Amino acid sequence: MGEVFAGRYELIDPIGRGGVGAVWRAWDHRRRRYVAAKVLQQSDAHTLLRFVREQALRIEHPHVLAPASWAADDDKVLFTMDLVSGGSLAHVIGDYGPLPPRFVCLLLDQLLSGLSTVHAEGVVHRDIKPANILMEATGSGRPHLRLSDFGISMRKGEPRLTETNYVVGTPGYFAPEQMMGAEPDFPADLFAVGLVALYLLQGQKPDAQALVEHFAAHGTPGAPEGIPEPLWQVLAGLLQPDPHARFRTATGARKALTAAVEMLPETGPDDEPVEVFDQIGPLPKGFGPDGPVTAPQQPPTPAPSPADAPSPAATPSPVAGAAQQEAPQLASGQQPSGQQAPTPPPSSMSETGSFHLAPPPAPPQQQPYPQPEFQQSGYQQPPAAPFAGDVPPAYAVGAPDPSQAPTSGVPHDPSATRPYTAQQHQRFPPVPAPPVQHAAPHPPVRRTRPGPPLKVAVPVLVVALICFAVGFWALTQV
């Protein structure tokens, strides 16, 4: 298992590396899904401030890959975003080389759609290049593009984190005004979009410096080989060296692109379809589509049943020869005369996992009680009630107990206990029960009324009335 970051994100394997951090495939234990986690590698104040700016960006658009959440653990910080597994545009060019014009127009339309939302938030990306444009792994279906890596983006009007004469970005995708130290603005991003379009159509990185010099010296050149004229007119509007002659908004460039696509030739049947493959690779061992895979619990080993226990005949003993001689009789289903089938010994453990107790010792054989003296002196014991064919009632002394009924295969002789039970109940004559004496009825209890008796309460009430009358008379005299 990987390292768990801030108790929530489990880092699995690295999938990319940027200027200020490494990108990992991670498992979000709270949301139960895979995400891409960008971990900051440097801890200086300048890099940390850029990191905070990037993670604070929240833009919801299907073609924008912005940070979704962030976490900190000791001296490390990270932010997460959706996991995009199709690689970047650089991977697509590496697989196919120059792409068909209609396929490029579809990608440009998605890129300009996402960029228009970014610009609507007042954000200048400042680092648009093929490596920062990611692709979903859609196979041969409709491609899905997402603009990512807002590490050096900034809002218009915010203070810059670099010196005035220092340029931030990727060489080869700078706008001419960026090289001159101008303030970041939306047309600079559109110039980079035009360079990305040339890269997709030609299959190699364009020479931006030579292109700018050619535009400045000879004006707009003709369409390069392999690029249709309607599409080249749109790209030329993106690549103008003068930012005022360039498209001012991504929405305007997108409208011009839509009109140009209608004039492009249809895709022929011989054109190779473009497929976007999974570039991340399979999950490492210990992880599945639904997250970390826990080791399956081994089922408990069932206890051996008594039928599986080894029989005594399997143990070598001095009487093994005699047992082998009796084997034919046992195999034919006949039991030796006067003998019962041996009962297999109990197993070491029961089916519930508890141990069997040892069988109780056999009770000693009951000896008949001696005859009392009065029987020897001439007293004749009455004969026992006959049991031949008669079933005594359930309440009789000699009636068999149903709970003590013999099990199948074990003979039971009730006559073995008959003398004992008969003698036990005939030795002592029945004792008559004493007569029942009824207790005398209790006299009724006289209930008294709570409070003092009348001979005390009446004088007290009279004295109280007199005091009340005297007090009332005194008040009237005042």
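The values are calculated or read from the model by the stated rules, or taken from the named source; none is laboratory data. Keep in mind that what you see is a predicted model, and the values were worked out from it rather than measured. Here the Cβ positions follow ideal geometry from the backbone for every residue, glycine too, while neighbour counts run over all protein chains shown. The area values use the complete protein model at the heavy-atom level, side chains included, leaving out ligands, DNA and RNA. Shrake-Rupley method; radii C 1.70, N 1.55, O 1.52, S 1.80 Å.
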note = Once normalised by the length of the range 84-218, the mean sequence separation of its alpha carbon contacts under 8 Å that are 6 or more apart gives a contact order in percent of 30
key: Cα-based reach from residue 38 at 20 Å (exclusive), listing lysines while leaving out same-chain residues under 8 positions away   = 76, 129
request  = May I ask you to evaluate 6.51 cos²θ - 1.76 cosθ + 1.60, the Karplus curve with θ = phi - 60°, for each residue of the range 94-108 and list the ³J(HN,Hα) values in order in whole Hz, giving x for glycine and proline?
outcome  = x, 7, 10, x, x, 9, x, x, 5, 5, 5, 4, 5, 5, 5
note = Expected field for residue 93, accessible surface area in Å² at 1.4 Å probe radius, rounded to 10, holds 10
task = Would you check the accessible area of residue 262, probe 1.4 Å, heavy atoms only, in square angstrom rounded to 10?
result = 150
query = What does the charge count near residue 18 come to, summing +1 for each Lys or Arg and -1 for each Asp or Glu among other residues with Cβ under 13 Å from its Cβ?
reply = +1
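Percent of accessible area on the range 27-121 owned by carbon and sulfur, 1.4 Å probe? Write out the running numbers ahead of the final one.
Working: 2050 of 4050 Å².
Of the solvent-accessible surface of the range 27-121, carbon and sulfur hold 51 percent.
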note = Quick tally, 1.4 Å probe accessible area for 285, 205, sorted with the most first, runs 285, 205
request  = Could you calculate the contour length gain from residue 218 to residue 285, that is, 0.36 nm times the residue separation minus the distance between their Cα atoms, to one decimal place in nm?
outcome  = 18.2 nm
Accessible area in square angstrom per residue, the range 1-86, 1.4 angstrom probe = 49
inquiry  = With a 1.4 Å probe and all protein chains left in place, how much of the accessible area of the range 171-267 comes from carbon and sulfur atoms, in whole percent?
reply    = 56
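Given the Cα-Cα distance of residue 251 and residue 225 and 0.36 nm per residue of separation, how much length would full extension add, in nm?
Details: separation 26, 0.36 × 26 = 9.36 nm, distance 2.74 nm.
So the chain would gain 6.6 nm between residue 251 and residue 225.
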Inter-label distance, nm, simple model (7 Å from Cα along the C-beta direction), residue 31/residue 120 = 2.2
request  = Could you please put 60, 158 in sequence from largest to smallest accessible area, using a 1.4 Å probe?
outcome  = 60, 158
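Gain in length, residue 170 to residue 183, computed as 0.36 nm per residue apart minus the alpha-carbon separation, to one decimal in nm? Let's see the in-between values first.
Values: separation 13, 0.36 × 13 = 4.68 nm, distance 1.65 nm.
Computed gain between residue 170 and residue 183 is 3.0 nm.
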query = Taking the Cα-to-Cβ direction at residue 95 and at residue 131 and moving 7 Å from each Cα, how far apart do the two end points lie in nm?
reply = 2.0
remark   = residue 73 and residue 464 label points (each 7 Å along its Cα→Cβ direction) are spaced in nm at 8.4
ask   = residue 243: net charge of surrounding residues, Cβ under 10 Å, Lys/Arg +1, Asp/Glu -1, itself excluded?
value = -1
request  = Identify, among 103, 26, 134, the residue whose Cα sits farthest towards the positive end of the charge dipole of the range 22-152, taking +1 on the Cβ of Lys and Arg and -1 on the Cβ of Asp and Glu, with the dipole about the Cα centre.
outcome  = 103
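So what is the accessible area of the range 185-265 per residue, in Å², with the probe set to 1.4 Å? Don't skip to the answer; put the middle values down first.
Details: 3720 Å² over 81 residues.
Accessible surface, normalised per residue, equals 46 Å².
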